[in-house]
1. Any residue at all in region 341-351 that's buried (at least 22 other Cβ atoms within 10 Å of the Cβ), on the phi < 0 side of the Ramachandran plot, outside the structural domain of Leu179 (by TED's automatic domain parsing) and touching a Cys at 6+ places or on another chain (Cβ under 7 Å)?
2. Do you know which residues across region 15-56 are touching a residue at least 60 places away in the same chain (Cβ under 8 Å) and surrounded by 21 or more Cβ atoms within 10 Å (Cβ to Cβ)?
3. Find all pairs meeting these conditions: Cβ atoms under 7 angstrom apart; at least six residues apart or on different chains; first residue within region 139-168 and assigned by TED's automatic domain parsing to the domain that holds Met101; second residue part of a loop (DSSP other than H, G, I, E, B) and among the basic types (Lys, Arg).
4. Restricting attention to region 156-215, which residues are of a type in the set (Phe, Trp, Tyr) and assigned to a helix (DSSP H, G or I)?
5. Any chance region 342-361 includes a residue that's touching a helix residue (DSSP H, G or I) at 6+ places or on another chain (Cβ under 8 Å), without any contact (Cβ under 8 Å) to a residue 60 or more places away in the chain, among the aromatic types (Phe, Trp, Tyr) and not in a helix (DSSP H, G or I)?
6. Is it true that some residue in region 221-238 is assigned by TED's automatic domain parsing to the domain that holds Glu162, part of a helix (DSSP H, G or I), touching a residue at least 12 places away in the same chain (Cβ under 8 Å) and of a type outside the set (Ser, Thr, Tyr)?
7. Let me spell it out: the conditions are (1) more than 25 Å from Leu361 (Cβ to Cβ); (2) among the small types (Gly, Ala, Ser); (3) part of a helix (DSSP H, G or I); (4) in contact (Cβ under 8 Å) with a residue 40 or more places away in the chain, and Gly291 meets all of them except one. Which number is the exception?
Amino acid sequence: MEPSGDMWMAAQLWTALGAISVVHGAQDALGWLGQAQHQFERCKDTYGQAMVRLWQAIWWQRGEQSANALPHIDAVLALVQQHDYAGLLTGATLLGPRDRMMLVPILLTARADQRWHVPAQHWLADGFPAIAADYDTESYHPGSTLRIQTLGTLRVWRGMAEIAPREWRRKKAALLLALLITNRHRWLLRDQICEWLWPDETPAEAVGQLKVTLHALNTALEPARPARTQPFYIRRQDETYRFVALDGVWLDVEEFEARVAAAQAAADKGTNDDIQHALATLMLAVGMYGGEYLSEYLYEEWSQNERERLRPVYLEAVTLLAELLIRSQRITEAIQFGELIVARNPAWEDGYRLLIEAYTLQGNRQQALATYERCVRNLQTHLGVAPLPRTTLAYEAVKRA
């Protein structure tokens with residue numbers, strides 16, 4: 001590209017290659033970024049220079065070589081301040097990190113420098129308000145988003161890398177994480193954790209097991225945490241512990257509930273555009289529900305309340321989805337989701353009522369009548385009750401048709 005005289009396009013290419021190399025830890029990252037820096041300087045593109053400096057700082061910071069990162073941090077901050085490029089440090093950009101948490105260690109390092117303390121705190125507050133307000137986060141952050149799947153089996157990713165089974169080191173490290181996530185809105189007493197996870201051990205033995213297991217968990221979540229630095233995710237106060245979901249933690253269960261709430265709000269507005277938006281949002285939410293909450297820990301007492309709370313949220317979401325599909329004349333899809341509802345919960349009466357309506361609209365009278373009979377059997381078997389009058393009225397209307 002350079003022989004063509006398009007230095008700027010060449011610089012963009014080198015930046016992209018350098019950024020990819022930084023993310024994957026490839027050793028040629030600095031070479032690509034060096035070429036990009038040279039080209040941006042030649043064409044006097046200060047934004048491009050700031051972008052390259054940022055990636056160079058991230059490279060050295062991720063390599064635990066903060067001293068080498070400092071000149072690049074100084075350079076990028078000076079360019080940001082001089083040219084008002086704050087969005088480079090606070091938001092998503094075309095050639096910037098897809099995982100915005102890669103920016104946080106840079107800003108924390110800057111905040112610890114008296115020269116940059118005030119603007120760095122301002123940028124942190126603008127882009128990462130929870131971290132900026134967290135007094136326990138001084139100079140360390142893992143530098144990646146922690147993604148946690150709890151709907152179905154527990155799975156955890158540090159950025160793009162999933163934590164492999166061997167990385168947990170101890171089987172109960174993942175179990176401890178699941179317990180802390182389930183109780184993330186409160187502090188748990190050490191003795192309470194020990195009683196749940198090691199009920200057959202003596203108190204002293206259980207405390208020893210917790211200490212070793214907690215170390216294994218923190219190492220799995222934050223393998224690059226500097227020695228004698230407090231963990232970012234698992235906090236301790238005296239003899240209590242808590243999982244802290246600040247900026248940089250993505251929990252599928254919270255995303256699922258947020259999508260369901262947004263879809264319900266859109267559906268309530270009732271316009272065609274809102275209905276289509278609700279449908280798309282519900283499709284995403286329902287697709288996230290990969291199974292029962294922490295399905296491998298079904299018999300752990302501490303997980304049951306959350307599982308039972310989420311189950312009707314999911315069923316109501318699928319019910320609303322099927323209703324909106326019927327309103328949109330997407331009958332075949334409505335039937336698929338209606339059958340999914342009653343397969344998940346054979347006593348969920350709204351599912352049968354939707355199926356009766358959908359099969360009727362499809363012209364399948366026989367299946368509509370059979371669905372009511374199925375409803376009667378399952379309600380009697382599981383709850384010992386008869387269908388509600390509105391369900392029976394729908395059945396009678398089909399019979400008369």
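The values are calculated or read from the model by the stated rules, or taken from the named source; none is laboratory data. Values in this document were obtained by computation on a predicted structure and should not be read as measured data. Ideal geometry is used to build each Cβ from the backbone, glycine not excepted, and the neighbour counts take in all protein chains shown.
1. Applying the first criterion (buried (at least 22 other Cβ atoms within 10 Å of the Cβ)) to region 341-351 yields 341, 348, 351.
Of the ones still in play, those that are also on the phi < 0 side of the Ramachandran plot are 341, 348, 351.
Next, only the ones that are outside the structural domain of Leu179 (by TED's automatic domain parsing) stay: 341, 348, 351.
When the remaining residues are screened for being touching a Cys at 6+ places or on another chain (Cβ under 7 Å), the result is none.
Looking through region 341-351, none of the residues is buried (at least 22 other Cβ atoms within 10 Å of the Cβ), on the phi < 0 side of the Ramachandran plot, outside the structural domain of Leu179 (by TED's automatic domain parsing) and touching a Cys at 6+ places or on another chain (Cβ under 7 Å).
2. Going through region 15-56, the residues touching a residue at least 60 places away in the same chain (Cβ under 8 Å) turn out to be 15-16, 19, 23.
Matches in region 15-56: Thr15, Ala19.
3. Within 7 Å, no pair qualifies.
4. At the first step, the residues of region 156-215 found to be of a type in the set (Phe, Trp, Tyr) are 157, 168, 187, 196, 198.
Within region 156-215, Trp168, Trp196 qualify.
5. Initial filter on region 342-361 (touching a helix residue (DSSP H, G or I) at 6+ places or on another chain (Cβ under 8 Å)): 342, 344-361.
Restricting the remaining residues to those that are without any contact (Cβ under 8 Å) to a residue 60 or more places away in the chain gives 342, 344-361.
Remaining after also requiring among the aromatic types (Phe, Trp, Tyr): 348, 352, 359.
Those still in the list that are not in a helix (DSSP H, G or I) too: 348.
Yes, there is a match, as at least one residue in region 342-361 is touching a helix residue (DSSP H, G or I) at 6+ places or on another chain (Cβ under 8 Å), without any contact (Cβ under 8 Å) to a residue 60 or more places away in the chain, among the aromatic types (Phe, Trp, Tyr) and not in a helix (DSSP H, G or I).
6. Step one: list which residues in region 221-238 are assigned by TED's automatic domain parsing to the domain that holds Glu162, which gives 221-238.
Filter once more, so that each one left must be part of a helix (DSSP H, G or I): 221.
The next check asks that each one be touching a residue at least 12 places away in the same chain (Cβ under 8 Å); those that pass are 221.
Pick out the ones that are also of a type outside the set (Ser, Thr, Tyr) and you get 221.
Within region 221-238, one or more residues are assigned by TED's automatic domain parsing to the domain that holds Glu162, part of a helix (DSSP H, G or I), touching a residue at least 12 places away in the same chain (Cβ under 8 Å) and of a type outside the set (Ser, Thr, Tyr).
7. Single failed check for Gly291: (3).
Matching residues to (1) at pLDDT below 95; (2) closer than 18 Å to Arg236 by Cα; (3) touching a strand residue (DSSP E or B) at 6+ places or on another chain (Cβ under 9 Å); (4) buried (at least 21 other Cβ atoms within 10 Å of the Cβ):
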| site | (1), (2), (3), (4) |
| --- | --- |
| Tyr140 | yes, yes, no, no |
| Leu154 | no, no, yes, no |
| Trp157 | no, no, yes, no |
| Ala164 | no, no, no, no |
| Arg169 | yes, no, no, no |
| Leu177 | no, yes, yes, yes |
| Arg190 | no, yes, yes, no |
| Ala206 | no, yes, no, no |
| Val212 | no, yes, no, no |
